[in-house]
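See structure below.
The values are calculated or read from the model by the stated rules, or taken from the named source; none is laboratory data. Being a predicted model, the structure only gives us computed values, none of them experimental. Backbone-built Cβ (ideal geometry, glycine too); neighbour counts: all protein chains shown.
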Amino acid sequence: EALQVQRADGTAITAAQLSANPSAPEITQLHTVGTTFATGWVTVSSGTTQVDATAGAAATGATPFKRPENGVFRPGTGFRELYFTETGDTTSTSTLPGAYGGVFRLSQSSPSASSGRLSPVFVGDKAHTGLDNIQFAGRDELLVVEDAGDSLHAQRNALDSGYLIQLSEDDKRGMPRGKVTRWLAEGRDASALYERHDEPGLQRRRQRDHGDPRVRRRRLDRRHPRREDPASLRRGVADVLDAAARRQRDLGGLRPGPGPR
């Protein structure tokens, strides 16, 4: 199934409509804090035959977003409240509405409900965009990180950051910008820009050491210390936080918080 977002009159916002008019007013409304939309689910495929999910979703009237990336259930909601990131156009030259993406909340009366409500929790701008990984640090503390890409890094002269969005039970209309706090900022220095896979001669050494990776790889790493890709560091934060939830086997029921597990 795929998500379908509906206008106030009950008609669906579809891929065909937005393709014909990328500046449709519905896109602006979807990226305006305080708005809310009714949602439903459309069946893309009911069998086991392999299908083109993107084409199938478009054909059945699902609503496209600007590169939705990752989603997570809010702890303690019993799988009734899902938050997901939308990367956006990842360029500062786009003049289309919603170009910088955002974070959305999908709420339903039950996990199996056929309808729900969608609202933007956070709307991106040039300084806060390319939103990618997402995870809860607590019931009301939502962490998101950027993956804006090299082009946008150059356009805004800044690498990626991580943000804390402080949710509250009372604020169902979305988050004011003042409640968003940066907790991670990558620096533009030689170490941050260094990509180990670009190191001269790396492929040649890999071929040489292929015969005994347990011994020779350790020797290789001492001579050529590993420099982590910044993207892997951002992903690692979400992976570590998610590990506790996986142990509980209930992403919708765990109430994470600071301190050891």
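Filter the range 175-190 down to residues that are in a loop (DSSP other than H, G, I, E, B) and at pLDDT below 50, then give me how many there are. Residues flagged as in a loop (DSSP other than H, G, I, E, B) and at pLDDT below 50 within the range 175-190 amount to 1.
Could you grab me the full set of residues in the range 122-141 that are farther than 21 Å from LEU159 by Cβ and free of Cβ contacts under 8 Å to residues at least 60 places away in the same chain? Listed by number, the residues that qualify are ASP140, GLU141. Restricting attention to the range 112-156, the residues being under 14 Å from THR39 (Cβ atoms), in contact with a Gly (Cβ under 7 Å, 6 or more places away or on another chain) and in a loop (DSSP other than H, G, I, E, B) number 1.
A quick yes/no check of all residues on (1) of a type in the set (Val, Ile, Thr); (2) part of a loop (DSSP other than H, G, I, E, B):
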position	(1), (2)
GLN29	no, no
THR32	yes, yes
THR49	yes, yes
THR54	yes, no
LYS66	no, yes
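Number of residues in the range 92-108 that are of a type in the set (Gly, Ala, Ser), part of a loop (DSSP other than H, G, I, E, B) and under 20 Å from THR35 (Cβ atoms): the value is 3. Quick one: would you say GLY10 is part of a loop (DSSP other than H, G, I, E, B) and touching a Lys or Arg at 6+ places or on another chain (Cβ under 9 Å)? Against the criterion (part of a loop (DSSP other than H, G, I, E, B) and touching a Lys or Arg at 6+ places or on another chain (Cβ under 9 Å)), GLY10 does not qualify.
Report whether or not SER46 is loosely packed, with under 15 Cβ neighbours inside 10 Å and closer than 24 Å to SER94 by Cα. Spelling it out, it is not the case that SER46 is loosely packed, with under 15 Cβ neighbours inside 10 Å and closer than 24 Å to SER94 by Cα. With the condition kept exactly as written, say whether any residue in the range 69-76 is on the phi > 0 side of the Ramachandran plot, part of a loop (DSSP other than H, G, I, E, B), surrounded by 15 or more Cβ atoms within 10 Å (Cβ to Cβ) and not hydrophobic (A, V, I, L, M, F, W, C). Yes, the range 69-76 contains a residue that is on the phi > 0 side of the Ramachandran plot, part of a loop (DSSP other than H, G, I, E, B), surrounded by 15 or more Cβ atoms within 10 Å (Cβ to Cβ) and not hydrophobic (A, V, I, L, M, F, W, C).
Being charged (D, E, K, R) and crowded, with 20+ Cβ neighbours inside 10 Å holds for only one residue in ASP125, ASP52, ASP132, ASP89, and it is ASP132. Residues that are small (Gly, Ala, Ser) and not in a loop (DSSP other than H, G, I, E, B) within the range 157-172 comprise SER161, GLY162, listed in sequence order. Six or more apart or on different chains, Cβ atoms under 6 Å: show the pairs whose first residue is in the range 81-103 and more than 25 Å from SER115 (Cβ to Cβ) and without any contact (Cβ under 8 Å) to a residue 40 or more places away in the chain and whose second is hydrophobic (A, V, I, L, M, F, W, C) and not in a strand (DSSP E or B). Final answer for the pair search is ASP89/ALA99.
Taking the condition surrounded by fewer than 23 Cβ atoms within 10 Å (Cβ to Cβ) and either part of a strand (DSSP E or B) or touching a residue at least 12 places away in the same chain (Cβ under 8 Å) (or both), does GLY61 pass? When the stated conditions are applied, GLY61 passes them.
For GLN17, the conditions (1) touching a helix residue (DSSP H, G or I) at 6+ places or on another chain (Cβ under 7 Å); (2) part of a helix (DSSP H, G or I) are fulfilled apart from (1).
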